[in-house]
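Engineer: Pasting in a structure now, in structure tokens, and then I'll have a few things to ask.
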Amino acid sequence: MNIEHDLKIKIAEALYALYNITISPESIQLTETRKEFEGDFTLVVFPFIKESRLSPEETGKSIGEYISNNFNTLANFNVVKGFLNLGLSDGQWLEYFNEVGYLNKFILKVKGNDSIVKNVMVEYSSPNTNKPLHLGHVRNNLLGYSVAEILKEAGNSVKKANLINDRGIHICKSMLAWQRWGNGETPDSSGLKGDHLVGKYYVKFDKEYKKEIEELMKNGLNEDEAKKQAPVIIDAQEMLIKWEQGDSSVMELWKTMNGWVYEGFDATYKKLGVDFDKIYYESQTYLLGKAIVEEGLQKGIFYKKEDGSVWVDLTEDGLDEKLLLRGDGTSVYITQDLGTAALRFEEYPNLDQLIYVVGNEQEYHFKVLKLIFKKLGKPWWDGLYHLSYGMVNLPSGKMKSREGTVVDADELIEEMVNTSRDTTLALGKVEDFTMEQAEKLFYKLGMGALKYYILKVDAKKTMLFNPAESIDFNGNTGPFIQYTYARICSVIRKAEKLDGLKSFRQQSVLLDRPMMQKEKDILRHVFQFPNIVHGAATELSPSIVANYVYELAKLFNTFYHDCPIADAEKVNTSLFRLQLSNIAGQTIKECMRLMGIKVPEQM
RNA sequence: GGUCCCAUAGCUCAACCGGAUAGAGCAUCAGUUUUCUAAACUGACGGUUACAAGUUCGAGUCUUGUUGGGAUCACCA
């Protein structure tokens, strides 16, 4: 069942019969006809005029005539300049429609003839355990989750992975600060969420560190020297060495504080509705990274400097020299990435692609990572893919944790739910709800607004978030689409109480009148769904799904406004419109699910 | 400085591998309710797609240059 594909096959046949042009149906450019012209699909004929040796108009006309004469799918066609607009017959539309609507078989798998099932791992979230999640992480989490779901929908086998960055100098910083200035404070004693408590000490460290640098600079040191010689940073470095040596008191502190953070993260993940099939901890993989470094040294691909630090020279490839291991033997950021990647391909030998959902500020890092594996001769090096997304900026510019301008994830979620509660109560939508039902709804709507707001923007692009203006609930928003779904449910609920319409799902529809444009618009759009999922999976882009489902919701609302559904003048019309509403609703629900957004049946 | 990315309506974003008269939402203004949910619908206003050349049937999209903004090139992660 693929209308476009069927039509493309016919066009290909026409091109061959008329002009002896051999072209695969997939490579034919077919678009939905713009509303200002008559027709359903449009073929741009310019690419064929060289072979046809006719004007664009005449070429279009011939192709149209050929299809019209040889197949019974076309109701009409017209040519405007170089554009051939093809109108499918109502009978053809209904045939497709009954296949989908009547059988109610709407789990539209998108497996095309050419698609091969791939084994994919999507790594996303990947937080540091020294501070709570902020808006940037939210974008990461939503993107990663959605991309994974879209890939699954397109028929791939997908594993979601999270790599917890639980060790390193930054973790030692918050540990040191807590040890020194914490007075034994715990989440219980302070009432702070664990990740926020630890984050507080990370900030504290930075403050003290800055103070010391200032002192040293007053005493005549330059900035670089001061940064290296500040006692507090030296202590943190010592702590890192102790950690790598497995010092028991350091390990104990580390375990305790990370435990607090995990509790906090779990709560946030739960609220965001994201999940993982596999969790990696950097503390368990960084040693593998050291082994890779050793391997590279043996192979002569890496080299050691006098101070013991290990480097790789990538200048031939247009990059720089890159540090892989510090002089004191401790590992850096990329060390563990080397280890984790290798581990994953060992654990999952059939893995075709490893997608890293990581911000575009790390493009250089992933270029280096991939290149190193290529040099090491790992056969899977080309399967590494950096899904690089843009930053979330504030009107004042970049979010900076040190300057306290970050938008905290937990606070943001809470605000969204609060706004949703206020709006919904003001509209009087939940008068027949229990308290519990109402709270569930507020949460669904608040998160729907947030998720849609973030996912509708092309992942690659930098986006702007203005905390002063709360995220909208009207117009091109999550709640608008959720509302459309709730409306559909409401109509269906009412219709199912009527004798003649009760079993509309089980009835095949014979329409005894021409299909109306607004009905056809919805059908046409719904049938795009497989293409949309396929495209979104190829591009790894949830925004394609977001734009699509918004358009569908708009089409439905116009239709809903103009056409009576359950109480149309004829039963046949009601049956048809109910089924139409039903598949539109299911499509909306499925799209929203791909973005991790829940849809309410009443709001 | 080297490398890379971005620039579309007052604001936030679209534009399906180069296709028809560049579309939505917000904001502003004017309408729509005895009829299935007005978080909706209809209309108006709003553009030299940063600028300048080039490529061709055709450019927001591709090439080059200019201007403006961002990222990155750490013994940070």
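The values are calculated or read from the model by the stated rules, or taken from the named source; none is laboratory data. Small disclaimer: the values here were computed from a predicted structure and weren't measured. We place every Cβ from the backbone using ideal geometry, glycine too, and count neighbours over all the protein chains shown. Quick note on the areas: whole protein, heavy atoms, side chains included, nothing else; ligands and nucleic acids left out. Shrake-Rupley method; radii C 1.70, N 1.55, O 1.52, S 1.80 Å.
Engineer: If you go through region A:42-54 one residue at a time, do you hit one that is more than 23 Å from residue A:531 (Cβ to Cβ), of a type in the set (A, V, I, L, M, F, W, C) and within 11 Å of RNA strand B (Cβ to nearest atom)?
Structural biologist: Yes, because at least one residue in region A:42-54 is more than 23 Å from residue A:531 (Cβ to Cβ), of a type in the set (A, V, I, L, M, F, W, C) and within 11 Å of RNA strand B (Cβ to nearest atom).
Engineer: How many of the residues making up region A:274-328 are open to solvent by 20 Å² or more (accessible area, probe 1.4 Å), in a helix (DSSP H, G or I) and of a type outside the set (Val, Ile, Thr)?
Structural biologist: Adding up the residues that qualify gives 12.
Engineer: Here is a further query. Anything in region A:325-356 that is aromatic (Phe, Trp, Tyr) and without any contact (Cβ under 8 Å) to a residue 40 or more places away in the chain? List them, or say none.
Structural biologist: Within region A:325-356, A:345 is the sole residue that qualifies.
Engineer: So how many residues does region A:453-472 have that are of a type outside the set (Val, Ile, Thr), more than 9 Å from RNA strand B (Cβ to nearest atom) and surrounded by 23 or more Cβ atoms within 10 Å (Cβ to Cβ)?
Structural biologist: Within region A:453-472, residues that are of a type outside the set (Val, Ile, Thr), more than 9 Å from RNA strand B (Cβ to nearest atom) and surrounded by 23 or more Cβ atoms within 10 Å (Cβ to Cβ) number 1.
Engineer: Let me ask something else. Could you list, in sequence order, all residues of region A:306-357 that are of a type in the set (Gly, Ala, Ser) and more than 12 Å from RNA strand B (Cβ to nearest atom)?
Structural biologist: Across region A:306-357, the qualifying residues are A:339, A:341, A:342.
Engineer: Also, I was wondering about something else. Within region A:379-406, which residues are open to solvent by less than 40 Å² (accessible area, probe 1.4 Å) and more than 10 Å from RNA strand B (Cβ to nearest atom)?
Structural biologist: A:383, A:384, A:386, A:387, A:389, A:394, A:399
Engineer: Given the structure, is residue A:540 farther than 30 Å from residue A:569 by Cβ, near RNA strand B (Cβ under 9 Å from one of its atoms) and touching a strand residue (DSSP E or B) at 6+ places or on another chain (Cβ under 8 Å)?
Structural biologist: So residue A:540 fails the test.
Engineer: Scan A:540, A:501, A:510 and give me the residue that is open to solvent by 60 Å² or more (accessible area, probe 1.4 Å) and aliphatic (A, V, I, L, M).
Structural biologist: From the options A:540, A:501, A:510, the qualifying one is A:510.
Engineer: For the condition open to solvent by 10 Å² or more (accessible area, probe 1.4 Å) and within 14 Å of residue A:261 (Cα to Cα), what is the one hit in A:156, A:128?
Structural biologist: Every option except A:128 fails the conditions.
Engineer: Mind checking whether some residue in region A:389-408 is out of contact with any strand residue (DSSP E or B) (no Cβ under 9 Å at 6 or more places or on another chain) and among the aromatic types (Phe, Trp, Tyr)?
Structural biologist: no
Engineer: Right, another one. Somewhere in region A:424-447, is a residue touching a Gly at 6+ places or on another chain (Cβ under 9 Å), under 26 Å from residue A:490 (Cα atoms) and more than 10 Å from RNA strand B (Cβ to nearest atom)?
Structural biologist: yes
Engineer: Pick from A:242, A:278: which is within 37 Å of the chain's Cα centre (by Cα) and basic (Lys, Arg)?
Structural biologist: Exactly one residue qualifies, and that residue is A:278.
Engineer: List the helices (runs of 4 or more DSSP H) that sit entirely inside region A:205-273 and contain at least 1 residues that are in contact with a Pro (Cβ under 9 Å, 6 or more places away or on another chain) and surrounded by 14 or more Cβ atoms within 10 Å (Cβ to Cβ).
Structural biologist: A:248-272
Engineer: Within region A:473-496, how many residues turn out to be of a type in the set (Val, Ile, Thr) and near RNA strand B (Cβ under 6 Å from one of its atoms)?
Structural biologist: Qualifying residue count, region A:473-496: 1.
Engineer: In addition: Kindly establish whether residue A:450 is part of a helix (DSSP H, G or I), within 10 Å of RNA strand B (Cβ to nearest atom), touching a residue at least 60 places away in the same chain (Cβ under 8 Å) and open to solvent by less than 10 Å² (accessible area, probe 1.4 Å).
Structural biologist: No, not satisfied.
Engineer: Among the numbered criteria (1) closer than 13 Å to residue A:495 by Cα; (2) modelled with pLDDT of 95 or more; (3) among the aliphatic types (A, V, I, L, M), which one does residue A:599 miss?
Structural biologist: (1)
Here's the yes/no breakdown for (1) of a type outside the set (Val, Ile, Thr); (2) within 26 Å of residue A:26 (Cβ to Cβ):
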{"position": "A:517", "(1), (2)": "yes, no"}
{"position": "A:533", "(1), (2)": "no, yes"}
{"position": "A:548", "(1), (2)": "yes, yes"}
{"position": "A:553", "(1), (2)": "yes, no"}
{"position": "A:557", "(1), (2)": "yes, no"}
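Rundown of residues vs (1) under 24 Å from residue A:408 (Cα atoms); (2) modelled with pLDDT under 95; (3) within 27 Å of the chain's Cα centre (by Cα), yes/no style:
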| position | (1), (2), (3) |
| --- | --- |
| A:144 | yes, no, yes |
| A:153 | no, yes, yes |
| A:170 | yes, yes, no |
| A:179 | no, no, no |
| A:196 | yes, no, yes |
| A:214 | no, yes, no |
| A:218 | no, yes, no |
| A:248 | no, no, no |
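Engineer: What number goes with the only condition from (1) within 11 Å of RNA strand B (Cβ to nearest atom); (2) over 21 Å from the mean Cα position of the chain (by Cα); (3) β-branched (Val, Ile, Thr) that residue A:532 does not pass?
Structural biologist: (2)
Engineer: Can you work out which of the residues in region A:329-357 that are outside any strand (DSSP E or B) and polar (S, T, N, Q) is surrounded by the most Cβ atoms within 10 Å (Cβ to Cβ)?
Structural biologist: Residue satisfying both the conditions and the ranking: A:336.
Engineer: Among the residues in region A:192-199, are any open to solvent by 50 Å² or more (accessible area, probe 1.4 Å) and not in a helix (DSSP H, G or I)?
Structural biologist: Looking for residues that are open to solvent by 50 Å² or more (accessible area, probe 1.4 Å) and not in a helix (DSSP H, G or I), one finds at least one in region A:192-199, hence yes.
Engineer: Considering only residues that are closer than 13 Å to residue A:525 by Cβ, free of Cβ contacts under 8 Å to residues at least 40 places away in the same chain and either near RNA strand B (Cβ under 8 Å from one of its atoms) or not in a helix (DSSP H, G or I) (or both), which ones fall in region A:553-603?
Structural biologist: Scanning region A:553-603 gives a single hit, A:554.
Engineer: Which count do you get for residues in region A:307-324 that are over 14 Å from residue A:369 (Cα atoms) and modelled with pLDDT of 90 or more?
Structural biologist: Result for region A:307-324: 4.
Engineer: Let me ask something additional. Against the condition without any contact (Cβ under 8 Å) to a residue 60 or more places away in the chain and either open to solvent by 20 Å² or more (accessible area, probe 1.4 Å) or in a helix (DSSP H, G or I) (or both), how does residue A:494 come out, does it pass?
Structural biologist: When the stated conditions are applied, residue A:494 does not pass them.
Engineer: Give the residues of region A:157-175 that are within 16 Å of RNA strand B (Cβ to nearest atom) and touching a Leu at 6+ places or on another chain (Cβ under 9 Å), sorted by residue number.
Structural biologist: A:167, A:168, A:169, A:171, A:172, A:175
Engineer: Still on this model: Please work out if residue A:549 is in a helix (DSSP H, G or I), open to solvent by less than 40 Å² (accessible area, probe 1.4 Å), more than 10 Å from RNA strand B (Cβ to nearest atom) and under 22 Å from residue A:355 (Cβ atoms).
Structural biologist: no
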